[in-house]
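Here is the structure we will look at.
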Amino acid sequence: MKISSAVENLARGLAIAGGLALVAITGIIVVSITGRALIHQGLGPVPGDFELVEVLTAFAVFAFLPWCQLRRGHATVDVFTKALPERANAAIDLVSELLMTLVVILIAWRLCYGMWDKMRFGETSFILQFPLWWGFAASLVAAVAGVVVSLFVFCQRLRAFFISDRAGEAS
């Protein structure tokens with residue numbers, strides 16, 4: 001299997017997992033609101049619904065990051081760069097990918113630190129009492145995948161930059 005297809009499968013799989021997390025969030029919210037509305041019939045809200053929504057949302061955000069990075073889905077402003085030569089745009093892409101990769105590495109590092117901190121002190125959620133590091137661990141897995149995808153995309157931009165450099169020398 002080629003590296004590019006492995007990276008794409010990783011990003012796609014995480015995006016699907018993030019989508020499933022959003023579906024779960026929707027289900028939890030619907031059931032909880034319905035339970036609150038039917039409290040007089042003996043139902044009630046889902047215990048710890050906000051804790052579950054919080055953890056699943058954090059995971060979903062990080063799960064979508066690799067796919068967005070791979071597909072160049074981040075917001076860009078190209079009003080001024082449209083008029084620039086291909087070489088200049090390749091340089092801008094390279095620098096932006098480097099910065100994004102550094103930011104994703106920083107986020108993954110801090111998530112790892114936060115996870116170890118939550119583990120060390122044994123912090124748990126208020127209502128459900130599940131260990132808080134579980135949410136950090138799920139987000140960290142997706143963030144590490146984000147680092148892998150960001151490094152891959154950076155290498156692609158680096159290659160494109162040098163290929164455009166050779167094309168410029170040939171003409």
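The values are calculated or read from the model by the stated rules, or taken from the named source; none is laboratory data. No experiment lies behind these values; they were computed from the predicted model shown. Heads up, the Cβs are rebuilt from the backbone with ideal geometry, glycines too, and the neighbour counts pull from every protein chain shown. These accessible areas exclude ligands, DNA and RNA; they are computed on the full protein's heavy atoms, side chains included. Shrake-Rupley method; radii C 1.70, N 1.55, O 1.52, S 1.80 Å.
Report the dimensions of the stretch 25-112 along its three principal axes from the alpha-carbon atoms, largest first, rounded to Å.
68, 31, 16
By how many degrees, 0 to 90 and rounded to 10, does the Cα axis of helix 86-121 deviate from the longest principal axis of the chain?
30 degrees
If you roll a 1.4 Å probe over the chain with all protein chains in place, what percent of the accessible area is carbon or sulfur? Present the calculation step by step, with values, prior to reporting the outcome.
Numbers: 7680 of 10690 Å².
Of all accessible area on the chain, carbon and sulfur atoms account for 72 percent.
Over the stretch 1-141, average the accessible area per residue using a 1.4 Å probe and give it in Å², no decimals.
That works out to 64 Å² for each residue.
Just to confirm the number: angle between the C-alpha axis of helix 133-170 and the first principal axis of the chain, 0 to 90 degrees, nearest 10?
10 degrees
Using the Cα centre as the reference, give the magnitude of the dipole from point charges on the C-beta atoms of the stretch 15-171 (Lys, Arg: +1; Asp, Glu: -1; all else neutral), rounded to the nearest 20 debye.
Numbers: 11 positive and 11 negative charges, 35 e Å.
Approximately 160 debye in magnitude.
Using per-residue counts of other Cβ atoms within 10 Å, averaged over each peptide, order 144-157, 91-104, 27-40 from highest down.
Highest to lowest by the protection proxy: 144-157, 91-104, 27-40.
Once Rh for the chain is found with the Kirkwood sum over Cα pairs, what is the Stokes-Einstein diffusion coefficient at 4 °C and 1.567 mPa s, in µm²/s?
Once the numbers are plugged in, D ends up at 70 µm²/s.
Hey, can you grab everything whose amide H is under 5 Å from the amide H of THR124? Only 5+ residues off in sequence or another chain; H modelled, so Pro and N-termini drop out.
LEU132
Once the Cα gyration tensor of the stretch 88-171 is diagonalised, what are the square roots of 5 times its eigenvalues, in whole Å and ordered largest first, as equivalent ellipsoid semi-axes? Before the final figure, lay out the partial values.
Numbers: eigenvalues 335, 16, 12 Å².
One finds semi-axes of 41, 9, 8 Å for the stretch 88-171.
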